[in-house]
Structures are given as structure tokens and as C-alpha cells.
Amino acid sequence: MSLSFITGSTNKLEEMRAVIPELEQLDIDLPEIQHIDAHEIIKAKLEEARKHHQGEFIVEDTSLYLDCLNGLPGPLIKWFLKTIGNGGLAEIATKLGNTKAQAKTIIGYIDAAREIEFFEGAVGGNIVEPRGETGFGWDPIFQPNGYDKTFAEMGQEEKNDLSMRKIAAEQFCEHLGRR
């Protein structure tokens with residue numbers, strides 16, 4: 001079976017290939033609607049991608065949910081990072097006195113019958129002052145529960161061992177009957 005991952009991000013591709021090595025990258029620039037529900041964003045991406053690709057494929061959305069903001073920024077994280085950056089997010093969480101957060105990846109899948117399915121992985125943690133040189137996005141401010149390092153301070157293998165993307169990818173593999 002040929003399975004494509006529609007993404008322009010080599011970082012996301014590497015993390016997904018750690019669980020699903022045979023993934024083929026398909027770099028299609030899909031419009032991304034803005035919505036507070038990541039499932040709606042993924043569904044819209046999948047429906048648009050259907051117009052460009054006939055095989056089985058996946059797309060994903062990775063979001064960061066801050067307790068102090070009642071779940072924001074969620075799937076709007078890209079815009080928060082562009083406007084206030086990691087430092088601004090850490091400052092907000094600290095000033096509001098609640099640094100708890102959840103990192104979540106949702107994979108959307110179009111199967112051979114053209115049906116849509118979702119697979120979700122989540123990791124709890126805290127927002128901290130930016131630390132670390134590796135990773136991407138908000139990795140420097142997310143410290144998973146039970147760890148003393150941010151995602152950006154971890155090596156790729158350590159991060160992949162516990163990441164929300166890995167959890168979602170493993171659910172997807174189980175669905176396909178692989179393991």
C-alpha cells in the first residue's frame with residue numbers, strides 16, 4: 001500500500017516516519033481554514049486534498065492548548081507564535097498563574113473508500129520560559145509532565161518516544177492492523 005503524508009514540513013515528516021517509515025511526502029500547498037476545532041481544519045484539508053490526490057493519504061494538525069486561556073491558542077498556535085512568540089506565551093501563562101498545557105496531534109486519514117477517519121495523541125505538560133536549541137514551533141516552551149526538559153532540549157529520539165505525534169501515529173498503525 002502506498003501512503004502519502006501531505007505536508008511541507010520536513011520536521012513533521014521525520015517524526016511521522018519514525019513510526020511509519022514507508023510514508024511518502026506529498027507537498028501540496030493546501031489552504032487551511034481557521035477554526036477553533038482542529039477536526040474541522042483537518043476535515044477541510046482532507047476534502048481539498050481529495051481534489052489533488054487519488055490514493056490513500058494523511059494530513060495532521062498539531063496544536064497547543066493552554067489551561068490559563070481555556071484551551072487557546074489550540075489550532076491557532078501558528079498565529080500566536082507569529083505575533084507574540086514563545087516568550088509571549090510563556091509570559092501569559094506565568095502571569096495568569098497557570099502553566100498547565102496539552103500538546104495534541106490529530107491525524108486525518110482518507111482510506112481507499114474515500115472515507116475520513118481521525119486519530120489523536122495528546123501529551124500533558126507545562127509552559128516554561130523558552131529553553132533548548134532543537135525542535136521547532138513551540139518546542140522550547142513545552143515541558144512534558146514527568147520530564148525536566150522541554151521538547152527543544154530533548155534529542156529527536158527522546159522527543160519521538162513520548163510525542164503526541166507518535167501516539168496518534170501508533171493509533172493510526174493499529175487501525176491499519178500494523179504494529
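FYI, it's all coordinate maths here, none of it is from the lab. If you're wondering where the values come from, they're calculated on a predicted model, not measured in any experiment. Reconstructed Cβ throughout: ideal geometry from the backbone, glycine too, with neighbour counts over all protein chains shown.
Using just the helices of the chain, give the 222 nm mean residue ellipticity in deg cm²/dmol: DSSP H runs with n ≥ 4 each add -39,500 (n - 2.57), and the total is spread over all residues, rounded to 500.
-9500 deg cm²/dmol
With r defined as the distance between the Cβ atoms of THR83 and HIS35 and R0 fixed at 25 Å, what FRET efficiency is calculated, to the nearest 0.05?
Once the sixth-power term is evaluated, E becomes 0.85.
Starting from the amide H of GLN25, placed 1.01 Å from N in the peptide plane, find each other amide H under 5 Å away whose residue is 5 or more places distant or on another chain.
PHE5
Between GLU22 and GLU48, what length in nm is gained on full extension when 0.36 nm per residue of separation is reduced by their alpha carbon distance?
Full extension from GLU22 to GLU48 adds 7.0 nm.
How large are Rg and Dmax for the chain when calculated on the C-alpha trace, in angstrom?
Answer for the chain, Rg first and Dmax second: 16.1, 50 Å.
Trypsin sites (Lys or Arg not before Pro) within segment 71-177: which are DSSP loop residues with at most 13 other Cβ atoms inside 10 Å?
Loop-located and lightly packed - ARG114.
With charges only on Cβ, +1 for K and R and -1 for D and E, what is the dipole size of the chain about its Cα centre, in debye, rounded to 20?
In debye, rounded to 20, the chain gives about 300.
Calculated FRET efficiency, GLU91 and SER9, Cβ-Cβ r, R0 30 Å, to nearest 0.05?
According to the calculation, E is roughly 0.70.
Which one of GLY8, ILE107, PHE142 has its Cα pushed farthest toward the positive end of the charge dipole of the chain, where Lys and Arg give +1 and Asp and Glu give -1 at the Cβ?
Selected residue: PHE142.
Which shape class, rounded, prolate or oblate, goes with segment 104-170 when its Cα gyration tensor gives a ≥ b ≥ c as root eigenvalues, a/c under 1.5 marks rounded, and past that a/b bigger than b/c marks prolate?
Prolate is the answer for segment 104-170, as a/c is 1.5 or above and a/b outweighs b/c.
Determine the shape class of segment 1-106: with a ≥ b ≥ c the square roots of the Cα gyration tensor eigenvalues, call it rounded for a/c under 1.5, and otherwise prolate if a/b is greater than b/c, oblate otherwise.
Prolate, because a/c is 1.5 or more and a/b exceeds b/c.
Return one number: the angle in degrees, 0 to 90 and rounded to the nearest 10, between the long axis of the Cα atoms of helix 164-176 and the longest principal axis of the Cα atoms of the chain.
On a 0 to 90 degree scale, this one is about 20.
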